[in-house]
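Read the structure below first, then the notes.
The values are calculated or read from the model by the stated rules, or taken from the named source; none is laboratory data. These figures come from a predicted structure and were not determined experimentally. We place every Cβ from the backbone using ideal geometry, glycine too, and count neighbours over all the protein chains shown.
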Amino acid sequence: MRLPRSRFFAAWRLYKRFMEYVGKHNEDLSGSIARLKKGRGYEDLSTIWLTVTRGAIPAAVLPSWFSIQTPMNQAVVKIFVQQQEVGDAYDAAINSFISDPNLAKFKYVLTVEEDNIPPHDGLLKLYESIKDFDAVGGLYWTKGEGGQPMIYGAPDEFPINFRPQEPIPDAIQRCNGLGMGFTLFRMSMFKDKSIQRPLFRTAPGSTQDLYFFKNAAKRGYRFASDNRVKVGHYDPSSGVTW
């Protein structure tokens, strides 16, 4: 019994589909390669996660930390520094990294503050956006009804300023400085001895983060806020995430 012509060709197409199907990523190989290049997962993205804490991390924050995605087969280690003055804590931690023969080989440092709630894909996006910068941070705001975005300074203005900038939605936005709530730094920048020491210092009229960014900017380093990475800023006293 011979199959009708239409059924024969339908059966033939089904047969070829299963015998020659190469998979969705192989079907669009150029698109898949472009995705890999954008994600940079084939590069060395080894990262030290650094949290400076007063000693208690809110339970409302931890679920987001546990869900942070990291690239396949990349080293990510978590280090916590407790109950030190914040500027001294960051400076001591970074100096310990660059002087340790193993930790100094890591390519990046991710600072995560104890009250920040990053999105699950936030680190992957920071790896994408840091390609053209020396530090990039997720977008978060100071706490309260009058909160300000931690995107500091218009980079094309002189002298250098650190006024909070209006966020450009979902943009990689150049700036003069960032907070340290969810911020990715190149380790090589901390090794540059031309940047003023101490690297981090809480000084009159300046927090430890802007103290560092001001000195690093003088040496030509570039920074940006990745406004695709929207980070919540949790207030444990009120239970509100700003």
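Which is at pLDDT below 95 and within 18 Å of TYR127 (Cα to Cα), of SER67, SER46, SER32, SER6?
SER32
Out of the residues in the stretch 208-242 that are free of Cβ contacts under 8 Å to residues at least 60 places away in the same chain and of a type in the set (Ser, Thr, Tyr), which is farthest from ILE48 (Cα to Cα)?
Within the stretch 208-242, the match that is farthest from ILE48 (Cα to Cα) is SER238.
With respect to the numbered conditions (1) free of Cβ contacts under 8 Å to residues at least 40 places away in the same chain; (2) surrounded by fewer than 11 Cβ atoms within 10 Å (Cβ to Cβ); (3) within 30 Å of ASN95 (Cβ to Cβ); (4) more than 16 Å from the chain's Cα centre (by Cα), which one is the sole condition not fulfilled by PHE66?
(4)
Report, by residue number, each residue of the stretch 32-82 that is in a strand (DSSP E or B) and β-branched (Val, Ile, Thr).
Scanning the stretch 32-82 gives THR47, ILE48, THR51, VAL52, THR53, VAL76, VAL77, ILE79, VAL81.
Which residues, taken from the stretch 89-109, are hydrophobic (A, V, I, L, M, F, W, C) and in contact with a strand residue (DSSP E or B) (Cβ under 9 Å, 6 or more places away or on another chain)?
ALA89, ALA92, ALA93, ILE94, PHE97, LEU103, PHE106, VAL109
Given (1) surrounded by 16 or more Cβ atoms within 10 Å (Cβ to Cβ); (2) of a type outside the set (Asp, Glu); (3) closer than 23 Å to ASP132 by Cβ; (4) over 16 Å from the mean Cα position of the chain (by Cα), identify the lone condition not met by THR53.
With respect to (1) surrounded by 16 or more Cβ atoms within 10 Å (Cβ to Cβ); (2) of a type outside the set (Asp, Glu); (3) closer than 23 Å to ASP132 by Cβ; (4) over 16 Å from the mean Cα position of the chain (by Cα), THR53 is out only on (3).
Looking at the stretch 40-50, which of its residues are surrounded by 15 or more Cβ atoms within 10 Å (Cβ to Cβ) and more than 15 Å from LEU184 (Cα to Cα)?
Result: GLY41, single match.
Being among the β-branched types (Val, Ile, Thr) and either more than 15 Å from ASP115 (Cβ to Cβ) or assigned to a loop (DSSP other than H, G, I, E, B) (or both) is the filter here; which residues of the stretch 83-98 pass it?
Result: ILE94, ILE98.
Kindly indicate whether THR51 is within 23 Å of ALA92 (Cβ to Cβ), among the hydroxyl-bearing types (Ser, Thr, Tyr) and modelled with pLDDT of 95 or more.
Against the criterion (within 23 Å of ALA92 (Cβ to Cβ), among the hydroxyl-bearing types (Ser, Thr, Tyr) and modelled with pLDDT of 95 or more), THR51 qualifies.
Scanning the stretch 218-237 for residues that are within 18 Å of GLN148 (Cβ to Cβ) and of a type in the set (Gly, Ala, Ser), which turns out surrounded by the most Cβ atoms within 10 Å (Cβ to Cβ)?
Only one residue fits best here, namely SER225.
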